[in-house]
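First the structure, in the form of structure tokens, and then the observations on it.
Every read-out reported here was derived from the displayed coordinates using simple, explicitly stated rules and does not represent laboratory data. The structure presented is a predicted model; accordingly, all values stated were derived computationally and were not measured. Because the Cβ atoms are built from the backbone with ideal geometry, glycine has one as well, and the counts that use them run over all protein chains shown.
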Amino acid sequence: MNNILTYETVSLDEKDNSLLILDQTRLPNEIITLHLRDTDEIRQAIYTLQVRGAPAIGIAAAFGLYLAAKNIRTDDYSEFMARLHKAKEYLNSSRPTAVNLSWALNRMENIALTDNSKSIPEIVELLRRESIAIKSEDTQMCRKIGEWGLTLIHDGDGILTHCNAGQLATSKYGTALAPIHLGRERGMNFRVFCDETRPLLQGARLSTFELMADGVDTTLICDNMASQVMKNGWVNAVFVGCDRVAANGDACNKIGTSGVAILAKYYGIPFYVLGPTSTIDMSIASGNDIVIEQREEKEVTEMWYSRRMAPEGVKVYNPAFDVTPHELIAGIVTDKGIARPPYTESLKRIMLP
Ligand code: MRU
């Protein structure tokens with residue numbers, strides 16, 4: 001069966017020397033794959049959210065850096081490394097919040113730094129292998145997150161999710177939606193409520209699309225309906241993804257997530273954050289240290305509307321992410337297990353090599 005889940009979110013086309021992505025700005029109306037060949041195109045695709053979601057942008061950037069390395073024409077190691085570093089910084093400047101981007105790029109650069117006795121073609125080959133490993137490890141991590149997440153819910157449960165932390169945000173399965181997809185493989189049924197996720201509608205356009213493709217009972221709600229849905233008793237658990245988790249468990253995710261956590265607390269519904277260990281940033285003590293991306297005003301005033309819906313000149317505040325305080329989080333579900341409060345202790349244990 002050919003549906004959105006049969007497409008790769010992000011992959012390397014080795015014969016064509018290109019990065020292959022699904023253009024997520026066109027979903028769900030058109031399924032279009034793009035071949036991106038140079039660093040400019042790849043940075044732009046990340047910035048414009050043609051490829052998006054923390055793990056997926058890390059993978060895209062890793063493939064992008066490998067392709068950049070392949071195009072560096074020199075036999076001189078220092079010159080090679082200087083040019084590689086420049087390409088890395090350029091890709092890293094595409095979006096500031098998700099740590100997976102710098103995590104994947106640093107991992108790639110470190111591979112090139114570890115052995116300067118190798119020839120340039122040998123280093124390029126190491127970079128190729130590393131970029132492929134980053135993607136395949138992501139699939140494995142997402143599957144494990146799915147396994148751990150499944151231990152928290154039962155067949156028939158109602159789950160509320162915000163934004164898209166599904167297959168379209170990762171290499172496969174997703175993070176917040178991995179337990180749902182895995183449950184489907186095992187014949188389980190869940191009722192999933194997707195917040196539309198203003199202003200870019202990742203919930204309405206992407207989460208509903210991939211869940212319906214998997215045969216999940218899916219209901220789309222506007223962001224301001226979550227309280228009513230919870231009050232109705234339809235939600236057994238909230239599952240959301242994350243872009244960066246601090247050492248104390250504060251979790252940064254798509255704007256609006258912290259409001260959902262506050263509602264869940266009020267209604268006594270467990271609120272879980274699901275993410276790979278590559279999204280946990282032990283170098284920052286709390287969510288206060290996370291840089292929040294600010295995006296263009298037009299995403300709020302006119303995008304998706306057939307005509308502008310706000311007066312010209314109105315001031316717009318458009319942060320792309322917010323931080324949910326750790327006190328509101330019942331558990332952080334990772335590929336290495338479920339961290340529970342106090343997170344300063346449990347995350348330290350999970351992040352041990
Ligand atoms: O701006 P986006 O669409 O990249 O934001 C995505 C999210 O906030 C996701 O929830 C997060 O990256 C986790 S994806 C597994």
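Could you name the lysines in cross-link range of Lys135, using Cα to Cα under 29 Å and dropping any fewer than eight places away on the same chain?
Lys15, Lys70, Lys86, Lys88, Lys118, Lys144, Lys172, Lys254, Lys336, Lys348
What's the FRET efficiency of Arg349 with Glu312 using the Cβ-Cβ distance as r and R₀ = 35 Å, to the nearest 0.05?
According to the calculation, E is roughly 0.05.
In vacuo Debye scattering of the chain, one point per C-alpha: log10 I(q)/I(0) at q = 0.08, 0.10, 0.11 Å⁻¹?
So the normalised log intensities work out to -0.37, -0.59, -0.71.
Note down the nm distance, to one decimal, between modelled labels 7 Å out along Cα→Cβ at Arg143 and at His35.
About 3.0 nm, to one decimal.
For the chain, give me the percentage of DSSP beta bridges that are antiparallel, rounded to the nearest 5 percent.
The answer is about 50 percent antiparallel.
Report, in debye and to the nearest 20, how large the dipole of the range 243-318 comes out about its Cα centre when Lys and Arg carry +1 and Asp and Glu carry -1 on their Cβ.
280
Taking the Cα centre of the chain as origin, sum charge times position over the Cβ atoms of Lys and Arg (+1) and Asp and Glu (-1), and report the length of that vector in debye to the nearest 20.
The dipole of the chain has a size of about 380 debye.
Which of the listed residues, Leu22, Gly53, Tyr77, is farthest toward the dipole's positive end in the range 1-102, when Lys, Arg count +1 and Asp, Glu count -1 at the beta-carbon?
So the residue furthest toward the plus end is Gly53.
Please list the helices of the chain that count as membrane-span-like by this rule: a mean Kyte-Doolittle hydropathy of at least 0.5 together with Cα atoms stretching 24 Å or more along the helix axis, each helix being a complete DSSP H run.
Going by DSSP H runs, the hits are 54-70.
Ranked from highest to lowest mean number of other Cβ atoms within 10 Å per residue, what is the order of the peptides 129-138, 182-191, 301-310?
Ranked by mean Cβ neighbours within 10 Å, highest first: 129-138, 182-191, 301-310.
Whole Å is fine, so just give me how far the alpha carbon centre of the range 36-65 lies from that of the range 163-222.
Cα centroid to Cα centroid, the span is 22 Å.
With just the Cα atoms defining each centre, how far is the range 278-301 from the range 338-353? Give it in Å.
Result: 22 Å between the Cα centres.
Cβ neighbours within 10 Å, averaged per peptide: list 81-92, 236-247, 24-35, 331-342 in order, most packed at the top.
Descending mean neighbour count gives 236-247, 331-342, 81-92, 24-35.
Using +1 at the C-beta of Lys and Arg and -1 at the C-beta of Asp and Glu, which of Ala320, Thr170, Thr219 has the Cα lying farthest in the positive direction of the dipole of the chain?
Most positive-ward Cα: Thr219.
Where in the range 314-353 does the label zone of Ile292 land, with the point 7 angstrom along Cα→C-beta and an amide N cut-off under 16 Å?
It comes to 316-326, nothing else.
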